[in-house]
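Okay, structure first, notes after.
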């Protein structure tokens, strides 16, 4: 059974630890998803948005990890906007249990931030959102 190709969008400056946790979960033997590529640090290249668009288009879903400052992460909002434009499904994960997490500014008002548990993640990857 083919695994769902996933792109992780996260606040590079504040939530890299959360990205590492999600990459680790993708390596579980019962994981329904694989990480095709990671979010791109803005300063890496002038054409980072085109690189992100190409990578997002090659995925089945975009997983957006929401932390305490995601609303200030311009790269996350740009990646969400690209997913919306390319009609690639995405969902938001509550990255920090017990803390206030916020949506990226490009998220829709109707976008829910889902609790990050292993069982919930598998359901979300499967389209239960």
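The values are calculated or read from the model by the stated rules, or taken from the named source; none is laboratory data. Keep in mind that what you see is a predicted model, and the values were worked out from it rather than measured. Positions of Cβ are backbone-derived with ideal geometry, glycine not excepted, and every protein chain shown enters the neighbour counts.
The residues in segment 15-28 that are touching a residue at least 24 places away in the same chain (Cβ under 8 Å) and closer than 24 Å to residue 84 by Cα can be counted, and the count is 4.
Kindly indicate whether residue 2 is within 18 Å of residue 76 (Cα to Cα) and modelled with pLDDT under 90. For residue 2, the condition - within 18 Å of residue 76 (Cα to Cα) and modelled with pLDDT under 90 - is not met.
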